[in-house]
């Protein structure tokens with residue numbers, strides 16, 4: 001049996017204001033219900049007006065994921081009742097989203113098709129508590145209406161490794177575009193894998209070129225709102241095992257929504273999946289549609305910086321560094337930019353891009369607290385050691401050994417620490433700065449001759 | 001046209017008595033029949049639209065404005081606790 005996995009990922013945008021009102025979208029850790037207004041509290045008569053920047057960022061992400069951007073798009077209401085949704089509906093996009101049909105190429109070379117990228121609003125936060133022995137639920141609407149982009153893939157994954165690679169790439173792209181912090185721990189990125197199993201039995205009894213049936217399984221299990229890459233890995237592994245057991249007993253797993261329970265290390269039933277029509281989507285009457293033209297789309301496209309994969313390839317070629325090094329250096333845009341500044345500065349000091357990358361990677365430089373100029377100075381200092389000829393050092397060592405016969409005698413009589421004294425002498429005699437480990441090695445060779 | 005009122009009521013989160021169910025089933029059916037008359041109009045030369053204002057691209061700049069005070073936000077709530085709306089436990 002082969003897993004069939006698709007992904008829905010929600011990414012919260014880091015706009016200043018919310019999606020449909022001017023309340024601050026910077027809600028994390030703020031006093032509850034202090035970032036609200038009639039629009040995001042869903043009060044009657046309030047008029048939502050979409051955030052231009054959020055829409056442009058959604059389109060930008062779509063473009064970075066190679067999507068088509070239809071010239072016409074609109075918002076829709078998705079109706080359902082849940083206490084975190086003040087209006088009784090979420091403003092989302094149904095049949096005419098901002099972005100359609102994109103793709104991401106994974107490290108393995110496999111391409112994951114992206115079905116759509118659309119814009120919607122986040123919900124409030126629910127807190128379940130026990131007060132005086134009574135179970136209550138508390139609602140904080142600060143998060144209600146924060147812009148959220150949903151990225152939906154086709155069920156193109158068949159293993160967890162690819163899922164994780166995809167998620168990391170998506171996170172990296174969102175950060176390169178500078179549209180989201182994509183911080184899992186703060187809930188900026190939430191993951192919903194849907195998982196089912198396809199039996200890979202081919203008809204081998206006759207000799208016709210029977211193809212493996214590419215039909216999708218007739219059920220899928222969605223695991224909701226996972227906020228860590230590690231949990232997504234565990235949830236998928238658990239589901240594959242759980243569903244395999246059901247199918248091996250000739251059953252069919254129930255189509256449903258489950259949640260990952262980290263304490264129990266398993267997925268648990270949340271609700272049996274409603275059909276899409278149960279959301280009674282209809283066009284949002286309060287928000288006029290969005291129409292693009294080529295000029296506007298071009299302006300958004302121009303804001304897209306060089307993306308990780310392109311940057312990685314360029315680094316390899318331009319700076320003659322390994323794929324591995326290029327990968328590390330482009331993981332975050334800030335590091336990549338830092339590296340390029342160092343390379344430029346280094347050129348003036350006759351350092352190669354390779355020397356710079358080796359230093360930054362091997363020394364695990366903290367770019368927050370180090371200036372490019374320091375990096376160059378440090379590499380220079382290292383290379384000066386190296387440029388001193390071995391024979392130069394040997395000459396000095398010979399001289400020091402001749403002038404310190406007592407210490408040499410001590411060493412040869414077993415007083416190993418005498419070597420430290422001799423190293424000090426060599427360093428004193430030398431006009432150039434010498435590397436202690438190199439001096440020690442040469443000294444010991446001579447002493448043990 | 002027959003309507004599943006129970007289902008519709010459930011989706012709309014409306015508790016209906018049996019009498020109401022019967023009553024609304026009739027009413028909703030006749031409303032649908034009434035609206036169905038639109039199907040007889042020839043719309044061949046019309047573009048589909050979901051907006052009749054003619055407006056497009058109504059957006060706002062990404063600027064923050066002043067929010068309500070917590071007390072204001074909670075002022076219409078039936079019950080609140082620690083600055084949050086309080087409801088019966090839902091899990």
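Any read-out appearing in this document is the output of simple, stated calculations on the displayed coordinates, not a laboratory observation. Quick caveat: nothing in here was measured; it's all calculated off a predicted structure. Virtual Cβ from ideal backbone geometry, glycine too; neighbours counted across all protein chains shown.
Evaluate the relative contact order of chain B (contact order divided by residue number), counting alpha-carbon pairs under 8 angstrom at least 6 apart; express in whole percent. Spell out each step's value before the answer.
Values: 29 pairs, mean separation 15.1, N = 91.
Reported relative contact order: 17 percent.
For chain A, set up a GNM with springs between Cα atoms under 10 Å and report which of A:184, A:63, A:299 has the largest fluctuation.
Between A:184, A:63, A:299, it is A:299 that shows the largest mean-square fluctuation.
I need the calculated FRET efficiency for the pair residue B:31 and residue A:304, taking r as the beta carbon distance and R₀ as 45 Å, to the nearest 0.05.
Rounded to the nearest 0.05, the efficiency is 0.35.
Please compute the Kirkwood hydrodynamic radius of the stretch A:142-198 from all pairs of different C-alpha atoms, in Å with one decimal.
Working: mean 1/r = 0.0772 Å⁻¹.
That comes to 13.0 Å for the stretch A:142-198.
Just for the protein assembly as shown, what percent of DSSP beta bridges are antiparallel, to the closest 5?
Here the share of antiparallel DSSP bridges comes out near 90 percent.
Could you work out which residue, out of A:199, A:322, A:391, moves most in a Gaussian network model of chain A, that is, has the largest mean-square fluctuation with Cα springs under 10 Å?
Result for chain A, Cα springs under 10 Å: A:391 fluctuates most.
Within a 10 angstrom radius of the beta carbon, how do A:419, A:397 rank from fewest other beta carbons to most?
Numbers: A:419 18, A:397 22.
Arranged by neighbour count, lowest to highest, A:419, A:397 become A:419, A:397.
Which one of B:45, B:13, B:80 has the biggest mean-square fluctuation once chain B is modelled by GNM with Cα springs under 10 Å?
The residue with the greatest mean-square fluctuation here is B:80.
At R0 = 25 Å, how high is the FRET efficiency between residue A:132 and residue B:7 if r is their beta carbon distance? Nearest 0.05 is fine. Before the final figure, lay out each step's value.
Details: r = 39 Å, r/R0 = 1.54.
According to the calculation, E is roughly 0.05.
Helix A:390-403 versus the longest principal axis of chain A: what angle, 0 to 90°, nearest 10, using Cα atoms?
50 degrees
Relative to the first principal axis of the alpha-carbon coordinates of chain A, what is the inclination of helix A:160-176, with its axis defined by its Cα atoms, in degrees from 0 to 90 and to the nearest 10?
The angle comes out at about 80 degrees.
Arrange the peptides A:86-98, A:47-59 so that the one whose residues have, on average, the most other Cβ atoms within 10 Å appears first. Mind dumping the intermediate values first?
On the way: A:86-98: 19.2, A:47-59: 21.9.
Packing proxy ranking, top to bottom: A:47-59, A:86-98.
Quick one: helix B:18-36 against the long Cα principal axis of chain B, what's the angle to the nearest 10°, folded into 0 to 90?
Helix B:18-36 sits roughly 60 degrees off the main axis of chain B.
Against the empirical 2.2 N^0.38 Å scaling, what ratio does the C-alpha Rg of the protein assembly as shown come to?
1.36
Relative contact order for the stretch A:88-193: what percent, with Cα pairs under 8 Å and sequence separation of 6 or more? Could the numbers behind the result be given before it?
Details: 143 pairs, mean separation 22.5, N = 106.
Averaging sequence separation for qualifying contacts and normalising by length gives 21 percent for the stretch A:88-193.
Taking every pair of distinct Cα atoms and averaging 1/r, then inverting, what Kirkwood hydrodynamic radius in Å comes out for the stretch A:306-387?
Working: mean 1/r = 0.0790 Å⁻¹.
Kirkwood radius, the stretch A:306-387: 12.7 Å.
What are the radius of gyration and Dmax of the stretch A:84-192, computed over its Cα atoms and given in Å?
Gyration radius and largest Cα-Cα distance of the stretch A:84-192: 17.1, 57 Å.
For every helix of n ≥ 4 consecutive DSSP H residues, a contribution of -39,500 (n - 2.57) applies; sum these over the protein assembly as shown, divide by its total residues, and give [θ] at 222 nm rounded to the nearest 500 deg cm²/dmol.
Values: 16 runs with 198 residues, N = 540.
The helix contribution divided over the protein assembly as shown gives -11500 deg cm²/dmol.
So for the pair residue A:380, residue A:429, with labels modelled 7 Å out along Cα→Cβ, what separation do we get in nm?
Going by the 7 Å Cα→Cβ label model, 3.0 nm.
Please compute the contact order of the stretch A:390-447 in relative form: average sequence separation of alpha-carbon pairs under 8 Å and at least six residues apart, divided by the residue count, as a percent. Mind showing how you got there, number by number?
Numbers: 38 pairs, mean separation 21.6, N = 58.
It comes to 37 percent, rounded to a whole number.
Express in whole angstrom the spacing between the alpha-carbon centres of the stretch A:81-131 and the stretch A:150-199.
12 Å
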